[in-house]
Amino acid sequence: MFNHENLKKRIDLYAMTTFGGEFKQLLDSEKYVVLSKAMMENIVPYWNDSRKETEGMKKAYYLSSEYLLGRFLTNNLIAMDTKDDVKRMLEEMGVDYNEIEESEEDPALGNGGLGRLAACFLDSAATLGYPMDGYGIRYDFGLFKQKIVDGEQVEVADNWTKYGDPWGIRKVSEIVRVTFKGSEIYAVPYDYAVIGYGKKLINTLRLWKAESLEEFDFRAFNDQKYDQAVKAKNDAENIAKVLYPNDSYEEGKKLRLKQQYFFVSASLQDMIRKFKKKDIGLEKFPQFHSIQLNDTHPAVAIPELMRLLTRKEGLGWDEAWAITTATFAYTNHTLLAEALEQWPERYYQELIPQVYDVITKINSMLLEDLRKKGIHDHDLSRYEIIHNGNIRMAWMSIYGSKSINGVARLHTDLLINKELNYWYKLYPEKFNNKTNGITQRRWLLQSNPELSELVTELLGSEEWITDLKKLKDLGKYTNDDEVMERFLDIKGTKKQQLAEYIKQEEGEDIDPDSLFDIQIKRLHEYKRQLLNAFHILYLYYEIKENPEKNTVPRTFIFGAKAAPGYVRAKAIIKFINDIAGLVKNDPLMKGRLKIVFVQNYRVSYAEKLFPAADLSEQISTAGKEASGTGNMKFMLNGAPTIGTYDGANIEIVEEAGEENNYIFGLRVEDIEEIKDTYNPEAIYQNNPKLRRVMDTLIDGTFEDQDGAYRELHNSLLYGAHWHRADNYFILKDFDEYRKTQEKVDIDYRDRLGWARKCWLNMSNSGKFSSDRTIEQYAQDIWNIDKI
Ligand SMILES: *Cc1c(COP(=O)(O)O)cnc(C)c1O
C-alpha cells in the first residue's frame, strides 16, 4: 500500500542521515539516492514473500558476465505501480521528478545486445512469475563513457556508484571464498530486486564484488611498506574493477579469465550451499536447478561444478557428470569465428590449476565418448576441448550442456547446418532455437508513454503490457485515418522531445519535421555503419550536383561505442563526424541533410531514440548478426526497417510484411556463392558515384591524420593480412542499398501511407516480446513452473 506520509517521513530521514540536509536542498543525484532508498522499504517485504513462495520450486539461474540494466528508478516505480503517486507527492513538495530521474547514472554493466538481453530476460521471468535469479559481476566501473572530441571517441571511466547504490543490498552474511593459485578472495554478494510488473514475483539479481580477505597488512604497514600493505587488497579488488569492452584482446586477458571464474565459482558455491540446507541429496540438484550460460563467458561453470561435486562433495565422477549435463544449457550468440572464446591452457594452469585438472579429464572423457560413437582418430582433433594449447570454451559448453540454442531462426539454422554441423550430428537433440526478444515494459510502456496510452485506449485494456500479442488487434485501425493522424502526432511529439534532448546534450539543432533515419548499436565493421556513411555522402554529392533535386529532408542519427582498441571502428566514428561537419558547413544542405552522432549511446539514451525513429537501420552483412534486438525496439515503436536478410530481421518482416519494410542486399546463399571470387575493385572501377564517396577517405576531402582513413580504404579494395578485400561486402550491397533508400524517400512523402507501415510494424511485433522467449526457455529447456 502506498502511503504518502510514510514515504515523506522516510525521505526526510534518509536525506538527513545520508546527506546531512533537507531533501529539497540536495543535489538531484542525492535526491535520487534518497528517493530510491525510501522506495526500497516498500519493496523488501514483497521480495521476502517471493523468496518464501519460491522456496521449494525448481529455479532457473541465468549466468551472465554482463547485465545492461538501464536505470532502475522509473522501472521499479512502474513495476510497483507507484510512479504516478510518487510523482504527485514530489510535485506537492515542489520537486521535479524528471530531474531526479535524469540524474540516475545508467549501471552500464554490459557492452551491448548480449547484456541488454540478460536484463530483458530478468524482467520477463519476474513478470511472468517464473523463479529465475541472475548471477553476475558487480563491476566498480561499467562500460566506459564516451565523449566525442574533435570528431573522435574519447573514453572516460564510468564510476556508476559515485553517488551511492541505493538498489543494491550488500549481504555480508552470504560471502563466499574463491580460490586462485596462491590466493583466496572474498566474493561479496550485492542483491538487486527484479520486480515483475504488478509485483506478482520479485526475483533476485546477485552481483558479486571482489574483496580481499585481509583488509590491510598491519605488519607491512608498521614496517613502513605502505604499498605492500595495501597490495593484497588491491589485487583482490582489481578482479571486479572494470567491465572489459568487446574486442579488447590485448589488455587484461588474465584478469578477464579471473573475473569469469570468480563469479561462476561464487555463484555455484552459493547454489550448492543453499541446496544442501534442504537436505535433499545432491543427486537431485538438476531437479531444482537449471543454469543458462549466456554465451561462453560463464562456461567455466561446467568444470567448476564437476570440481565442487567430486572434490568438495565427494560424489563419483560419473554421477557428477550426469548432474552437470542435466543442469547446464548454453546460448550461442555469434557466428563470428574470431569471437568464439579460447583460452591459452597455460592461463588455466597458472591461475586455476584445480579447474585445469578437471578440464583435462573432461577432454579425455569426450575423446573416449567419440571413439565409442565410431568417430575416426583423425577426426577427433576438431572436437577436442583442449586443442593446440588452447581451451575452446564453446566446445566445453556444447559437451557439458543439455541444450544449445541460437538466438534467431537463421542463426540456429547456420549453427546446425554449417558452423557446428559436426557437433549437431553427434547430439542433434541438444540443438534448438530461441529467437531473442525485448521487454515491452521498458521499450514501450516506460520509454513511450504517449504511444502506450493510445494503444491502451484503442485496445480498451492494458493486457498488452504482459501479453504483447494483443497488439495484433490494432491491425483493424490501419485504414482509420484519424488513428493514423494520432499516431503521427505522437511520433511528432517523440521527435520533438528527442530534438530538445539532442540540443541539450550535443548542442545540435535538428528538425523534427525531417525524416529521422537512425542507426544505433555498437560500432563494428559487420554492422556496416560505413555503408550508411557512404550513402549519406552519396546523397550529399547528388544534391550538390542537382540542387533542384527534390529529396525528403533527412536527419541521420548515429549512436555507437567502439571498443577502445578497435582502430577501424574508431576511424569510422571520425569519418561519420567529418561527414557531419562537411554537411553542416554547406548552406546548400540546410533543411535537406543533417547528421548527428550522439555521444555515449546507452540504455537511457536508447529510450529516447527508439520512439522517435522514422526508419530503423539494420544493415549488417547477411549471416553476421546473430539476432539483433535493437531492430525489435524500433518495430515496437512503429518504425519500418531498412535492412538485410539477417538475424531476426527475417522474422520481423515475416510478421510485419516485406511490403512494410525495406529489405535489400546479398543473402547468406549469395555470399556463399560469390565469396571466393569476389572482386570489389571491379565494382569500384565501374561505379563512379561509389568511387567518389569512397575516395573521400583518401583524396583530401577529409584530413587523414594518422593514416586510418587510408587503411580503411585499403581494407575495402585490397583487404589485409587477416581478411579478404571488403570482407563485409559493402561495395557489393551499395547500389541496392542506395536504390532502396530512394524508395524510402518516395514512400515517406505519403504521410498516411507511411503511418500505416509504421502501424503494421508495431501491431505485428507481439512475437518479439522477451515474455515469449522466456516462456520458450522455461518450457523447452528449464522445465520450471510459474508461481
Ligand atoms: C538494444 C541495445 C543494443 C543492441 O542493439 P543491436 O542493434 O541489436 O546491436 C545495444 N545497446 C543498447 C544500449 C541497447 O539498448
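A few comments on the model shown:
- Against the test of being within 15 Å of the ligand (Cβ to nearest atom), of a type in the set (Ser, Thr, Tyr), under 30 Å from HIS723 (Cα atoms) and part of a helix (DSSP H, G or I), the options TYR526, TYR538 yield a single qualifying residue, TYR526.
- Among residues of region 575-608, those that are of a type outside the set (Asp, Glu), out of contact with any Leu (no Cβ under 7 Å at 6 or more places or on another chain) and within 12 Å of the ligand (Cβ to nearest atom), counted: 7
A quick yes/no check of all residues on (1) under 30 Å from GLN260 (Cβ atoms); (2) modelled with pLDDT of 95 or more; (3) surrounded by 24 or more Cβ atoms within 10 Å (Cβ to Cβ):
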residue	(1), (2), (3)
GLU30	no, yes, no
LEU77	no, yes, no
LYS87	no, yes, no
ASN111	yes, yes, no
SER124	yes, yes, yes
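Residues checked against (1) over 30 Å from ILE280 (Cβ atoms); (2) surrounded by fewer than 14 Cβ atoms within 10 Å (Cβ to Cβ):
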{"position": "ASN6", "(1), (2)": "yes, yes"}
{"position": "ALA15", "(1), (2)": "yes, no"}
{"position": "MET40", "(1), (2)": "yes, no"}
{"position": "ASP49", "(1), (2)": "no, yes"}
{"position": "MET57", "(1), (2)": "no, yes"}
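- Subset of region 609-623 [within 11 Å of the ligand (Cβ to nearest atom) and either closer than 22 Å to LEU69 by Cα or not polar (S, T, N, Q) (or both)]: LEU609, PHE610, GLU617, ILE619
- Taking the criterion of being assigned to a loop (DSSP other than H, G, I, E, B), of a type outside the set (Gly, Ala, Ser) and either within 14 Å of the ligand (Cβ to nearest atom) or within 22 Å of LYS470 (Cα to Cα) (or both), the residues of region 631-651 that qualify are ASN637, PRO640, THR644, ASP646.
- Checking each residue in region 285-305 for being farther than 23 Å from LEU114 by Cα, in contact (Cβ under 8 Å) with a residue 60 or more places away in the chain and of a type in the set (A, V, I, L, M) picks out no residue at all.
- Among the residues listed as GLU711, GLU659, GLU703, GLU654, the single one being out of contact with any Ser or Thr (no Cβ under 8 Å at 6 or more places or on another chain) and either in a loop (DSSP other than H, G, I, E, B) or within 16 Å of the ligand (Cβ to nearest atom) (or both): GLU703
- Unique residue being of a type in the set (Lys, Arg) and under 21 Å from the mean Cα position of the chain (by Cα) when the list is LYS241, LYS233: LYS241
- Residue match in region 466-483 (condition: exposed (fewer than 15 other Cβ atoms within 10 Å of the Cβ), among the polar types (S, T, N, Q), over 30 Å from GLN146 (Cα atoms) and without any contact (Cβ under 8 Å) to a residue 12 or more places away in the chain): no
- Neighbours by Cβ (under 7 Å, 6+ apart or cross-chain): first from region 142-159, without any contact (Cβ under 8 Å) to a residue 12 or more places away in the chain and at negative phi; second loosely packed, with under 14 Cβ neighbours inside 10 Å and not polar (S, T, N, Q): VAL154/LYS147
- Within region 52-69, residues that are in a strand (DSSP E or B) sit with their Cβ atoms under 9 Å from residues that are acidic (Asp, Glu) and at pLDDT 95 or above, at 6+ positions apart or across chains, in these pairs: LYS59/ASP133; ALA60/ASP133; TYR61/ASP133; TYR62/ASP133; LEU68/ASP106.
- Residue count, region 541-573 (criterion: more than 19 Å from ASN714 (Cβ to Cβ), among the hydrophobic types (A, V, I, L, M, F, W, C) and either in a helix (DSSP H, G or I) or out of contact with any helix residue (DSSP H, G or I) (no Cβ under 6 Å at 6 or more places or on another chain) (or both)): 4
The values are calculated or read from the model by the stated rules, or taken from the named source; none is laboratory data. If you're wondering where the values come from, they're calculated on a predicted model, not measured in any experiment. A quick note on method: Cβ atoms are made from the backbone with ideal geometry, for glycine too, and the neighbour counts reach across all protein chains shown.
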